[in-house]
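Structure, as structure tokens:
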Amino acid sequence: MAKTFDLIVFDWDGTLMDSTAHIVRSIQGACADLNLPVPPRERASHVIGLGLVDAMRYVCPGLEPERYQDMVVAYRDHYLSGDETIELFAGVEQGLAELKAQGAFLAVATGKSRAGLDRVLAKTGLAELFDATRTVDECHSKPHPAMLLELTDHLGVDARRTLMVGDTTHDLMMAQNAGTHGAGVSYGAHPAGELAACSPLGIFDSYPSFHTWLLPQLN
């Protein structure tokens, strides 16, 4: 099989790190703190991958715009109180090292803040594996293509030889908007049926199954 991809871009939450349930609980807790209707899991998980303000607009559509920042602060308080317990998905650390050894560029495109991404990269020790990262602090929120376009431009890689990997439709729609390929993982926030509607190259139920599919395409 001929080499297909030069750049692999990963979403973070729900794709590399098993943080979906904690994010949902943090959103629900923030709503409760502010005496707002607490969204069900499906609604709260739908916004994972978006920037925080965009996420709050979705989960709290009746909230006055001037209170969005209160919601963001409440969410961060809940999230930071438990983020030390969140772990990478099985196979991620070894898998990323193997992809790097194959000569692929690796990058992250995430709805996390820059401070949040830098914190988890330091905690996991994965920072040195990534050639570039983009967060919602530097770019438009997904599914806008800016993160992917900036990464491909920065690394000098053709979008057609770039693969975006994510657990949400926001990730896969961003890939479509940027002209890159997309692969979905169904072990995160959005179910396989929703991911399939975005026509990814594949949908995988574990990181190892994705890795097994990808590796021959980097040789």
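Could you say which residue among PHE10, PHE105, PHE89, PHE5 is among the aromatic types (Phe, Trp, Tyr), open to solvent by 40 Å² or more (accessible area, probe 1.4 Å), within 30 Å of GLY179 (Cα to Cα) and modelled with pLDDT of 90 or more? Exactly one residue qualifies, and that residue is PHE105.
Looking only at residues that are open to solvent by less than 40 Å² (accessible area, probe 1.4 Å) and more than 17 Å from LEU106 (Cα to Cα) in region 124-142, which one is farthest from the chain's Cα centre (by Cα)? Residue satisfying both the conditions and the ranking: CYS139. Selection of region 102-152 for residues being closer than 21 Å to THR169 by Cα and among the hydroxyl-bearing types (Ser, Thr, Tyr) yields THR110, SER113, THR133, THR135, SER141, THR152. With respect to ASP167, is the statement that it is under 24 Å from VAL92 (Cα atoms) and open to solvent by 60 Å² or more (accessible area, probe 1.4 Å) true? No. Summed over region 41-61, the residues that are farther than 21 Å from SER81 by Cα and without any contact (Cβ under 8 Å) to a residue 24 or more places away in the chain give a count of 5. Restricting the first residue to region 153-170 and requiring it to be over 15 Å from PHE5 (Cα atoms), which pairs with a second residue that is basic (Lys, Arg) and surrounded by fewer than 22 Cβ atoms within 10 Å (Cβ to Cβ) meet a Cβ separation below 9 Å and a spacing of at least six or different chains? Cβ pairs passing all conditions: HIS154/ARG134.
Can you confirm whether region 26-39 contains a residue that is closer than 28 Å to THR180 by Cβ and open to solvent by 50 Å² or more (accessible area, probe 1.4 Å)? Outline the logic, then answer.
To start, the set of residues in region 26-39 that are closer than 28 Å to THR180 by Cβ comprises none.
Checking region 26-39: not a single residue is closer than 28 Å to THR180 by Cβ and open to solvent by 50 Å² or more (accessible area, probe 1.4 Å).
Selection within region 13-25: residues that are open to solvent by less than 10 Å² (accessible area, probe 1.4 Å) and of a type in the set (Gly, Ala, Ser). The member of this set that is farthest from LEU151 (Cα to Cα) is SER19.
The values are calculated or read from the model by the stated rules, or taken from the named source; none is laboratory data. Model, not experiment: these values are computed from the prediction. Neighbour counts are summed over all protein chains in view; Cβ atoms, including those assigned to glycine, are modelled from backbone coordinates with ideal geometry. For accessibility, only protein heavy atoms count, side chains too; no ligands or nucleic acids. Shrake-Rupley method; radii C 1.70, N 1.55, O 1.52, S 1.80 Å.
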